[in-house]
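Undergrad: Sending over a structure as structure tokens; questions will come in a sec.
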Amino acid sequence: MHRVYIDIIISAIIEQYGTEAYFYKEQLQIEEEYWEAWKRGQRTFSSELMQKVKNLFSDYEWMLMNKVLRQTALFPEKRNLAVSEYKRLKTKIAQKWLQAKIGEVEMTPFQTEVQKERGFINLKVSIHYDEWGFDDSVSFRLPANIQQQIEGSPIGLLEWVNENLEETYTKDQEN
């Protein structure tokens with residue numbers, strides 16, 4: 001189960017920062033040896049470093065990751081598919097929220113210079129509960145050319161998400 005946890009975290013790092021090295025050097029400010037030992041389960045992170053890892057995910061995404069981890073414990077044959085399953089489930093959840101008209105979709109600004117340099121946009125689907133700090137959201141980093149497709153088309157953002165998000169997100173984010 002530990003390997004699945006690490007795989008999902010690394011996938012999020014690559015998606016948001018481009019490389020593991022950039023993340024552990026610039027964000028965590030640790031050496032490669034410490035990073036590699038943590039990935040092998042030989043070292044632990046302080047609560048401050050662990051919070052930086054958790055910040056790769058929204059609260060809802062963190063909960064979803066833990067559900068995927070639990071499923072891989074129950075069904076070991078799913079371990080090799082965990083990262084793609086996590087990404088697929090994020091898209092399904094976003095689509096359900098939007099279809100039920102409880103979710104709101106928006107393009108958000110770049111969060112990192114790497115995203116800007118690599119030509120990504122951030123797409124965020126949220127549910128607002130009108131309680132401070134309790135909104136749920138899932139975010140997707142997508143190729144920037146998607147923005148031109150949406151803006152230059154009669155298809156609205158909601159419709160594009162329903163029709164294209166899963167294929168675009170899971171295909172373009174595979175490593």
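The values are calculated or read from the model by the stated rules, or taken from the named source; none is laboratory data. The structure displayed is predicted, hence computed values, not measured ones. Positions of Cβ are backbone-derived with ideal geometry, glycine not excepted, and every protein chain shown enters the neighbour counts. Side chains included, ligands, DNA and RNA excluded: accessible areas come from the protein's heavy atoms. Shrake-Rupley method; radii C 1.70, N 1.55, O 1.52, S 1.80 Å.
Undergrad: Where in region 94-155 are there strands (runs of 3 or more DSSP E), lying fully within it, with 2 or more residues that are over 17 Å from Glu167 (Cα atoms) and at pLDDT below 90?
TA: 104-108
Undergrad: Please give the helices (runs of 4 or more DSSP H) falling wholly within region 1-55 in which 2 or more residues are open to solvent by 20 Å² or more (accessible area, probe 1.4 Å) and among the polar types (S, T, N, Q).
TA: 47-54
Undergrad: Right, another one. Kindly evaluate Ser58 against the criterion of being small (Gly, Ala, Ser) and over 23 Å from Thr170 (Cα atoms). Full working, then the answer.
TA: Working: small (Gly, Ala, Ser): yes; over 23 Å from Thr170 (Cα atoms): no.
Spelling it out, it is not the case that Ser58 is small (Gly, Ala, Ser) and over 23 Å from Thr170 (Cα atoms).
Undergrad: Only residues that are in contact (Cβ under 8 Å) with a residue 24 or more places away in the chain and open to solvent by 70 Å² or more (accessible area, probe 1.4 Å): list them for region 56-102, please.
TA: Asp59, Arg79, Arg88, Lys92, Gln99, Ile102 - these are the residues of region 56-102 that are in contact (Cβ under 8 Å) with a residue 24 or more places away in the chain and open to solvent by 70 Å² or more (accessible area, probe 1.4 Å).
Undergrad: Something else about it: Condition test on Glu167, is it farther than 21 Å from Ser11 by Cα, at pLDDT below 85 and open to solvent by 60 Å² or more (accessible area, probe 1.4 Å)? Break it down stepwise before answering.
TA: On the way: farther than 21 Å from Ser11 by Cα: no; at pLDDT below 85: yes; open to solvent by 60 Å² or more (accessible area, probe 1.4 Å): yes.
Answer is no for this residue.
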